[in-house]
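Structure first, commentary second.
Rule-based calculations on the coordinates, nothing more; no lab input. Please read these numbers as outputs of a predicted model, since none were measured by experiment. Cβ coordinates were reconstructed from backbone atoms using ideal geometry, including for glycine residues, and neighbour counts include every protein chain displayed.
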Amino acid sequence: MRASLTGAVSFPATLNDRAASAVAARSRALWSKLWQFDPAVAVVIGTRCLGIVVGVISSIITARYLQPAGRGEYFVVLTAAQLMAQFGNLGLHSSNTYFVARDRGLFAGLLANSLWISFGLVPLCAAGLLLLAPAGLMGSMGPAGRLFVIVLAPLMVFNVLGGGLMVGVNKVTTFGFMQPLNATLIMMAMIVAGLLHTGPNGFLAATAAGWAAALAVMVWLLVRDANGRFRFQRDVFGFTFGYSLKAYLATLAGFLVLRMNVFTLHAMSGVEQVGYYSVASQIADTLSILPQSTALVLFPRLAACRSGQLKTMMRHAVRTGGLLALGCAAVWLFADFGIRVAFGAKFAAAAPVLRAMLPGVLLLGVMGIVSQYLAANAFPVPVVVAWLAAVALTGVLGRLLVGQYGAVGAAATLSVVYGILLVALGVLCWRVAKAEHPEPAQEA
């Protein structure tokens with residue numbers, strides 16, 4: 001009886017041990033898969049790190065030579081050029097990747113359209129918008145600054161359109177190496193501008209020269225792989241227009257949320273506060289390298305596959321959020337020391353601005369991964385609505401906080417808006433996933 005009782009007791013214990021071992025094994029496998037780093041992402045991060053390092057050096061050069069006010073003037077023109085580029089890209093940066101990943105036969109037509117839109121349409125749009133823009137919006141930007149906006153905008157547009165094509169045809173590594181090349185050429189030109197003491201306009205000319213040289217290489221790499229005439233392909237444009245329009249509106253709204261406070265800050269607090277904000281933004285952009293690299297590799301894969309999209313996105317979002325949180329914590333601790341050493345004591349006021357911006361950096365990084373799932377599922381219209389609502393919220397909240405707290409208020413605005421927006425996009429992901437895989441009807 002005792003042996004029987006012993007056996008009766010030990011048998012369930014053995015089953016429990018096996019079950020526990022199986023659960024532990026599955027947990028270890030899940031954990032390993034969760035933190036297994038994608039080689040393609042690693043390559044992009046490596047090249048972008050190199051580009052970011054060179055970009056930070058360029059930023060230090062501008063800060064040292066131009067001081068806060070001159071750095072502010074330079075940053076306003078650069079932001080205006082980026083704004084014009086967002087207006088002029090027509091959403092083709094996303095649709096190029098989406099459609100060429102699904103059908104390589106569209107490559108030549110998409111490339112031809114990208115060239116015509118970048119170097120034909122965008123300069124005209126930039127000139128028109130600068131003429132129509134209210135004087136207060138562009139602040140004290142003179143004729144030279146406006147000319148640099150018209151020159152820089154098409155270069156910025158083709159960088160993202162051509163890059164979208166490279167990513168879509170799985171040339172992620174090639175596109176990755178374009179970023180440090182671009183940054184290096186700009187830095188070399190900036191060193192010359194600094195030694196010649198050319199002021200903000202000289203640094204803008206150096207930036208334009210670096211962009212032009214790097215993009216000449218990109219055009220050569222793309223054209224050699226294309227077949228056919230490089231005339232505007234109206235049929236390809238019409239085929240991709242619906243997706244491009246939604247991507248255009250969402251990314252334009254995203255850029256406005258990110259940069260519109262620069263103009264609010266410029267108008268309400270002056271160029272010196274913009275100079276502090278620009279340094280904080282430069283460091284925040286450095287932290288964004290991980291989510292941007294992950295999203296760059298993830299999007300064409302999600303667009304090309306038909307199953308497992310949600311799990312893949314969630315795995316990358318958790319991993320990205322965890323690593324980015326560690327990076328933000330480190331920057332929070334060393335912000336004062338790092339800014340004083342790199343940029344000088346005159347930029348010490350940028351440290352609290354950076355700290356107010358860090359929660360937004362984390363939220364935006366996770367949101368960038370979440371957005372790839374929505375973009376790969378035909379870009380639902382509510383995504384556009386959410387981003388447009390975020391623009392309105394940024395405008396209202398920005399004026400309230402900038403007026404009271406200056407550059408710190410502008411940075412805090414981003415963190416609040418990105419938190420609300422991440423919740424909204426997370427709900428949209430759940431709805432899309434539920435529509436794709438509805439629960440089976442229960443029998444009566």
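Rounded to the nearest Hz, the phi-derived 3J(HN,Hα) couplings of the stretch 379-393 under the Karplus curve 6.51 cos²θ - 1.76 cosθ + 1.60 (θ = phi - 60°) are 6, x, 4, x, 5, 4, 4, 4, 5, 5, 5, 5, 4, 4, 5, where x marks glycine and proline.
Projecting the Cα atoms of Leu152, Ile289, Leu106 onto the charge dipole of the chain (Cβ charges, centred on the Cα centre) puts Leu106 farthest toward the positive pole.
State the extension gain, in nm to one decimal, for the chain segment bounded by Val219 and Leu132, taking 0.36 nm per residue of separation less the distance between their alpha-carbons. Let's see the in-between values first.
Values: separation 87, 0.36 × 87 = 31.32 nm, distance 3.17 nm.
This chain segment gains 28.1 nm when fully extended.
Fully extending the segment from Arg104 to Arg399, taken as 0.36 nm per residue of separation minus the present Cα-Cα distance, adds 101.6 nm. Between 0 and 90 degrees, the angle of helix 172-195 with respect to the longest Cα principal axis of the chain falls at about 30 degrees. Taking the Cα centre of the chain as origin and assigning +1 to Lys and Arg Cβ atoms and -1 to Asp and Glu Cβ atoms, the resulting dipole is close to 620 debye.
Over the stretch 70-126, the pair-distance histogram of Cα-Cα distances with 10 Å bins from zero comes to 21, 40, 26, 11, 2 percent, rounded to whole numbers. Across the stretch 93-220, counting alpha-carbon atoms alone, Rg and Dmax equal 16.5, 50 Å.
For the chain, what does the relative contact order come out to in percent, with C-alpha contacts under 8 Å and a separation of six or more? Normalised by residue count, the contact order of the chain is 21 percent.
Computed per residue of the chain from DSSP H runs no shorter than four, each worth -39500 (n - 2.57), the mean residue ellipticity at 222 nm is -30000 deg cm²/dmol.
Can you put Arg431, Arg71, Arg48, Arg315 in order of Cβ neighbours within 10 angstrom, beginning with the fewest?
Numbers: Arg431 12, Arg71 27, Arg48 23, Arg315 17.
In order of increasing Cβ crowding within 10 Å: Arg431, Arg315, Arg48, Arg71.
Once a ≥ b ≥ c are taken as the square roots of the eigenvalues of the Cα gyration tensor of the stretch 298-405, is the result rounded (a/c under 1.5), prolate (a/b larger than b/c) or oblate (a/b not larger than b/c)?
Details: a/c = 3.58, a/b = 1.59, b/c = 2.25.
Taking the square roots of the gyration eigenvalues as a ≥ b ≥ c, the stretch 298-405 is oblate.
When the Kirkwood hydrodynamic radius is evaluated over all pairs of different C-alpha atoms of the stretch 37-436, what value in angstrom, to one decimal, is obtained? Don't skip to the end; give the middle numbers.
Working: mean 1/r = 0.0469 Å⁻¹.
It works out to 21.3 Å.
Take the alpha carbon gyration tensor of the stretch 286-331, find the square roots of its eigenvalues, order them as a ≥ b ≥ c, and report rounded if a/c is under 1.5; if not, report prolate when a/b exceeds b/c, else oblate. Oblate shape, in that a/c is at least 1.5 and b/c is the bigger or equal ratio.
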